[in-house]
Amino acid sequence: MIKEGALVLGIESSCDETSASLVEGGRRVLSCVIASQMEEHRIYGGVVPEIASRRHVEAIVPVVGEAMGGRDFKELDGIAVTQGPGLVGALLVGLAYAKALSWATGLPFVGVNHIEGHIYANFLGREDLEPPFLCLTVSGGHTDFTVIKAHGSYERLGRTRDDAAGEAFDKVARSLGLPYPGGPNLEKLAALGDPDAVRFAKISVRDNPLDVSFSGIKTAAVRMAAKAADDKERADIAAAFQKSVVDTLAERAKEALRMTGLKKLAVSGGVASNKALRARMKGLCGRTSTELIIPEAVYCTDNAAMIASAGYFRLRSGASSPLDANADPSWKVI
């Protein structure tokens, strides 16, 4: 168990960003360095796992060195690293570095679930945030409504039945001829279109009103994109598709708040940086007298500060990982 206010080094390498961060007390970010591979993967239209793994190997030592900022490893109290889910080769690079550092220094280390990290991005810079609260985690691989009951104690209320919101954004963006990364570029195109020019069917899941499904509207948007005659039609499709996804998430969030009676809503994950989603959630929380918590944009995408935060609270509870811990590319937080 580490002391209150302890200094934790976080390491993140689950996909195509190599990141290291120093976080004090799970909330105060002292440094956060991110080495992105976006430009290298852009020509392929997506992340190439083998290339990502090699770049992590090249970047991990200098990235950690920059995050340490001249500090000695003896000043640390613990190490946290993403153990899964993610690309197995990429995960192994960060995990191997963390385990080697733990062995060399004697510092405790703990493997962190990447999605749990996204939840804990909400604690960064917020000294007053405490459970319980509702969290919508919306990213390239996940769309989950989770009640954070206490540190390390979660109850999932709803999830995606097929494509995650971020994945659907990327696939529709590709069909519209937009470059990687798809989500941010679709948002830019949507700003030029009319969200009411195209109508998508509302999707409901009968056995759980808080579950979502995006495969239907994704397929419809892809088919429309193939027939689009000009840039105006493409922009309208992007705007209408974005509106449909945001509407769905807002409706589920409203229902989840009603069911739980909670008055704090956190939104995290890469799609949480989408301006339309942020505006819609702000309006929802204003109408329902609910506190809205959304991390700074830099902490919505993959970063090591969120991993350090989640790791701090795990280490504070007495948890740690053995030196033979292995990467878990399909690790579920719940």
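Just so you know, all these numbers are worked out from the coordinates, no wet-lab data involved. On a predicted model such as this, the values are computed, not experimentally measured, just so you know. Here Cβ is always computed from backbone atoms with ideal geometry, including for glycine, and neighbour counts include all displayed protein chains.
Enumerate the amide H contacts of I203 below 5 Å, restricted to partners 5 or more residues apart or on another chain; note that Pro and chain-start residues carry no placed amide H.
Amide H neighbours of I203, under 5 Å, 5+ apart: none.
So how do S13, S175 line up by other beta-carbon neighbours within 10 Å, fewest first?
Taking fewest neighbouring Cβ atoms as first place, the list is S175, S13.
In a GNM of the chain with a 10 Å cut-off on Cα contacts, which of G141, G86, G69 has the highest mean-square fluctuation?
Ranking G141, G86, G69 by mean-square fluctuation puts G69 first.
Kindly work out what percent of the DSSP beta bridges joining two residues of the chain are antiparallel, to the nearest 5.
60
I need the calculated FRET efficiency for the pair R199 and T260, taking r as the beta carbon distance and R₀ as 30 Å, to the nearest 0.05. Could the numbers behind the result be given before it?
Values: r = 31 Å, r/R0 = 1.04.
Efficiency, from the Cβ-Cβ distance: 0.45.
Going by alpha carbons, how many degrees (0 to 90, nearest 10) lie between the helix axis of 304-316 and the longest principal axis of the chain?
60
Relative contact order (percent) for the chain, with alpha-carbon contacts under 8 angstrom and 6 or more residues of separation?
Averaging sequence separation for qualifying contacts and normalising by length gives 26 percent for the chain.
Only one of the listed values, (1) 89, 42, 40; (2) 61, 47, 31; (3) 52, 43, 42, was derived from the coordinates as Cα extents along the principal axes in Å; which label is it?
For Cα extents along the principal axes in Å, the calculated option is (2).
Taking 0.36 nm per residue of separation and subtracting the Cα-Cα distance, what length does fully extending N208 through R161 add? Walk me through the numbers on the way to the answer.
Working: separation 47, 0.36 × 47 = 16.92 nm, distance 1.04 nm.
Residue separation times 0.36 nm, minus the Cα-Cα distance, leaves 15.9 nm.
Please give the peptides 215-227, 306-318 ranked by average Cβ packing (other Cβ atoms within 10 Å per residue), highest first, as a rough proxy for protection.
306-318, 215-227
How do S321, S204, S330 line up, fewest other C-beta atoms within 10 Å first?
Fewest to most other Cβ atoms nearby, the residues stand as S330, S204, S321.
Taking the Cβ of each residue in R199, R206 as the centre, tally the other Cβ atoms inside 10 Å and list the residues starting with the fewest.
Details: R199 10, R206 6.
Going from least to most buried by this count: R206, R199.
Can you give the calculated 222 nm mean residue ellipticity of the chain, where each DSSP H run of n ≥ 4 adds -39,500 (n - 2.57) and the sum is split over every residue, rounded to the nearest 500 deg cm²/dmol?
About -13500 deg cm²/dmol.
Note down the nm distance, to one decimal, between modelled labels 7 Å out along Cα→Cβ at K332 and at A104.
3.8
Please determine, in degrees from 0 to 90 and to the nearest 10, the orientation of helix 165-175 with respect to the longest principal axis defined by the Cα atoms of the chain, where the helix direction is its Cα long axis.
Its long axis makes an angle of about 60 degrees.
Please compute the length gained on full extension between E75 and D230, using 0.36 nm multiplied by the number of residues separating them and subtracting their Cα-Cα distance.
On the way: separation 155, 0.36 × 155 = 55.80 nm, distance 5.86 nm.
Working it through step by step, the gained length comes to 49.9 nm.
List every residue whose amide H lies under 5 Å from the amide H of K264, counting only residues 5 or more places away in sequence or on a different chain, with H placed 1.01 Å from N in the peptide plane.
L134, E291
Of all alpha-carbon pairs in segment 138-197, indicate the percentage at a distance above 19 angstrom.
Value for segment 138-197 (Cα pairs over 19 Å): 45 percent.
Please work out how much length the chain gains when fully extended from E58 to E39, using 0.36 nm per residue of separation minus the C-alpha to C-alpha distance, in nm with one decimal.
Contour length minus the Cα-Cα distance gives 5.2 nm.
Helix 88-105: angle to the longest alpha-carbon principal axis of the chain, degrees 0 to 90, nearest 10?
20
Amide H neighbours of S31 under 5 Å, at least 5 residues apart or on other chains, H built in the peptide plane: list them.
L22
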